[in-house]
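Comments concern the structure below.
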Amino acid sequence: MTLVVDALGFGYPGGAPLFRDAEFRVDAGSVVGVTGPSGAGKSTFGALLAGDLRPRSGVITVDGAPLPLRGFRPVQLIHQHPEHAVNRTWRMRAVLRESHAVPQETLDQLGIEPGWLDRRPGELSGGELQRFCIARALHPATRYLVADEMTAMFDAITQATIWHRLLAIVRERGLGMVVISHEPALLDRVCDEQVAVETLR
Amino acid sequence: MSEPILSISGLDVSFVQYARGLRTRTVTGITGLDLEVAEGEILAVLGASGSGKTLLAQAILGILPHNARTGGDIVFRGSRLSPARRERLLGREISYIPQSVTSLDPLMPVGAQVRIGLDPAVAEHERRRLFARYDLPDQVAGLHPHQLSGGMLRRVLFATGVRDTVRLLIADEPTPGLHAEAVAEVLGHLRELAAEGVAVLLITHDINAAVSVARRVAVMNQGHLVTVEAADAFTGDGERLRHPFARDLWRALPQNRFSPGGTE
């Protein structure tokens, strides 16, 4: 059970190739960090893993099957700015339902309070909103998560709380996880291994 | 300590919201906040999102949402900051560097944005000087924000906010999402301004940035300023920090205990 990137090539139209023959793998149940300075391609790599961008060449396989081009994506991306990832006019109940009927147990594990479900995104703090984005990504068919600077915008206590709660779920479900961050201390804390994005070029 | 540039006493901020129909409810943003920033000082304001630290900046700048009610006093250089006085001082003596680079106008070349508010006779000359100060190549002036890297946009924001006449600079979250060298660069710019006598209010949730650049760190939680700590007390297991919430914040860092609060 592995997410495998084989001979991946990618570049933005008109730009120099960002990745050439990149090889990368994450086993289910393990947490891999991706490091590198801003502009080095970390977020692009995350978007490729999740299927938000299509590689120019090479293959990405999820537990042996190619990354599906339509339908549910087994690799789910969690963004840095949750306020840009949800519909601002919906109540949170609808934001969750867009993905799946999130079990009460998951909401409890993430510390989502029942009263928050009737609010709109603007009435929640960033940390509260991010928990909804995480809940939404934890679809029963999700096999891997990509956390792209998931807690960079939050204070230390919110950051530690979100990570402890999410890592418990990831362990329980045996998910694989890719963590993109520029904060070495955080990666040292949460990852089993780390890869510098420059080595993927 | 030298003369305070900014002195805030008993600041309250609350919001009136419509709950259902015409019934309203009042939501408290900030309660009873006292704070002083001296000439040449960098004071960091640390707190969680939702703790009221951005409201503090908005209250000083007079840019709170229209349903906000405020109380208490804000005194700038010895006299009360009335709306009329604020109007005269904003952009001249009081300046603001916003949190997001999306505050730049996406349709206007960055050079023109730096010239806004400058005396037209010397604007272009000043623009060149500010570009040189923030290490921005001259040819960048004609480019639009989307053509610049995140680090360059930060420097453009500094160039739009810094004027010779500025005595108080409010910087709202200038560091998140930047890698270590870029953070060091931003903090270096703040230090430079303080050395010129500018009072700097650095609003941030980045403890490391706050501690490395400020001497005093004010900590906010749920609308209250709970404590002002010496920056050098943020060390070890935080045993020299006076307030339990400050200790919790410090210990929650991944390089410390990575504890989700409640270590007290």
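The values are calculated or read from the model by the stated rules, or taken from the named source; none is laboratory data. Just so we're clear, the structure is a prediction, and the values are computed from it rather than from any experiment. Positions of Cβ are backbone-derived with ideal geometry, glycine not excepted, and every protein chain shown enters the neighbour counts.
Checking B:H205 against (1) crowded, with 23+ Cβ neighbours inside 10 Å; (2) under 26 Å from A:H182 (Cβ atoms); (3) under 17 Å from the mean Cα position of the chain (by Cα); (4) at pLDDT 95 or above, which single condition isn't satisfied?
(4)
Working only within segment A:163-182, note down all residues that are within 14 Å of another protein chain (Cβ to nearest Cβ), surrounded by fewer than 23 Cβ atoms within 10 Å (Cβ to Cβ) and either β-branched (V, I, T) or not in a helix (DSSP H, G or I) (or both).
A:H182
Within segment B:137-183, work out how many residues are touching a Pro at 6+ places or on another chain (Cβ under 8 Å), surrounded by fewer than 21 Cβ atoms within 10 Å (Cβ to Cβ) and more than 14 Å from every other protein chain (Cβ to nearest Cβ).
So the count comes out to 5.
Which residue out of B:A132, B:A171, B:A123, B:A159 is within 21 Å of B:L193 (Cα to Cα), of a type in the set (G, A, S) and in contact (Cβ under 8 Å) with a residue 60 or more places away in the chain?
The conditions single out B:A171.
Across segment B:184-198, which residue is farthest from the other protein chains (Cβ to nearest Cβ) among those that are farther than 23 Å from A:I180 by Cα and either in a loop (DSSP other than H, G, I, E, B) or not hydrophobic (A, V, I, L, M, F, W, C) (or both)?
B:G197
How many residues does segment A:48-72 hold that are buried (at least 17 other Cβ atoms within 10 Å of the Cβ) and in contact (Cβ under 8 Å) with a residue 60 or more places away in the chain?
Selection size over segment A:48-72: 3.
Filter segment B:208-237 down to the residues that are out of contact with any Ser or Thr (no Cβ under 8 Å at 6 or more places or on another chain) and part of a loop (DSSP other than H, G, I, E, B) and list them by number.
Passing the criteria: B:A214, B:R215, B:F234, B:T235, B:G236, B:D237.
For B:R240, state whether it is outside any loop (DSSP other than H, G, I, E, B), of a type in the set (K, R) and out of contact with any Cys (no Cβ under 6 Å at 6 or more places or on another chain).
no
Please enumerate the residues belonging to segment A:103-147 that are over 23 Å from A:D52 (Cα atoms), in contact (Cβ under 8 Å) with a residue 12 or more places away in the chain and more than 14 Å from chain B (Cβ to nearest Cβ).
A:T106, A:L107, A:I112, A:L117
When you look at B:A19, is it buried (at least 21 other Cβ atoms within 10 Å of the Cβ), within 14 Å of another protein chain (Cβ to nearest Cβ) and part of a strand (DSSP E or B), yes or no?
When the stated conditions are applied, B:A19 does not pass them.
Would you check if B:F258 is on the phi > 0 side of the Ramachandran plot and within 14 Å of chain A (Cβ to nearest Cβ)?
yes
Output the number of residues of segment B:59-109 satisfying the condition of being without any contact (Cβ under 8 Å) to a residue 24 or more places away in the chain and under 30 Å from B:T24 (Cα atoms).
6
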